[in-house]
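Structure, as structure tokens:
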Amino acid sequence: MSYNLAVLNQQDKDRINTDLAAAGVAYKERYNMPVVAELVEKEQPEALRAWFRERLQHHRQTSLTLSRLPWEPKQK
């Protein structure tokens, strides 16, 4: 298996970019950064919007298993 993304066909590259966009939205939501998921979804190709929603849901669910911040002080 090759890790060179340049050799992938355009459809696979678009799916990877859409997944990265979904991961970016989930990341920003997790750290309370301003982001509007609907606007990012509209920027995706029409054929991949369902894929975007599916991947966004996956990344949101995954983020629930992670700590909120790298270091959280103990409450006194």
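I need every pair where a residue in segment 1-25 that is of a type in the set (Gly, Ala, Ser) has its Cβ under 7 Å from the Cβ of a residue that is in a loop (DSSP other than H, G, I, E, B), sequence separation at least 6 or different chains.
As it stands, the answer is ALA21/GLN44, since those pairs meet every condition given.
State which residue pairs qualify: first residue surrounded by 16 or more Cβ atoms within 10 Å (Cβ to Cβ) and inside segment 39-55, second residue outside any helix (DSSP H, G or I) in any location, beta carbons under 6 Å apart, and separation of 6 or more residues or different chains.
These pairs meet every condition: PHE52/GLN44.
Which residue is modelled with the lowest pLDDT, if the candidates are limited to segment 34-76 and must be small (Gly, Ala, Ser) and touching a helix residue (DSSP H, G or I) at 6+ places or on another chain (Cβ under 8 Å)?
SER63
Report, by residue number, each residue of segment 1-28 that is under 16 Å from the mean Cα position of the chain (by Cα) and aromatic (Phe, Trp, Tyr).
Within segment 1-28, just TYR27 meets the criteria.
Taking the stated definitions as given, is VAL35 outside any helix (DSSP H, G or I) and either touching a Ser or Thr at 6+ places or on another chain (Cβ under 9 Å) or not basic (Lys, Arg) (or both)?
Numbers: outside any helix (DSSP H, G or I): yes; either touching a Ser or Thr at 6+ places or on another chain (Cβ under 9 Å) or not basic (Lys, Arg) (or both): yes.
Yes: the conditions hold for VAL35.
Looking only at residues in segment 1-20 that are assigned to a loop (DSSP other than H, G, I, E, B) and loosely packed, with under 10 Cβ neighbours inside 10 Å, which one is modelled with the lowest pLDDT? Before you say what the answer is, go through the steps one by one.
Applying the first criterion (assigned to a loop (DSSP other than H, G, I, E, B)) to segment 1-20 yields 1-4, 8-9.
When the remaining residues are screened for being loosely packed, with under 10 Cβ neighbours inside 10 Å, the result is 1-4, 9.
On the way: MET1: 59, SER2: 75, TYR3: 88, ASN4: 92, ASN9: 94.
Per the criteria, the residue is MET1.
The values are calculated or read from the model by the stated rules, or taken from the named source; none is laboratory data. Keep in mind the model is a prediction, meaning the values are calculated, not measured. Backbone-built Cβ (ideal geometry, glycine too); neighbour counts: all protein chains shown.
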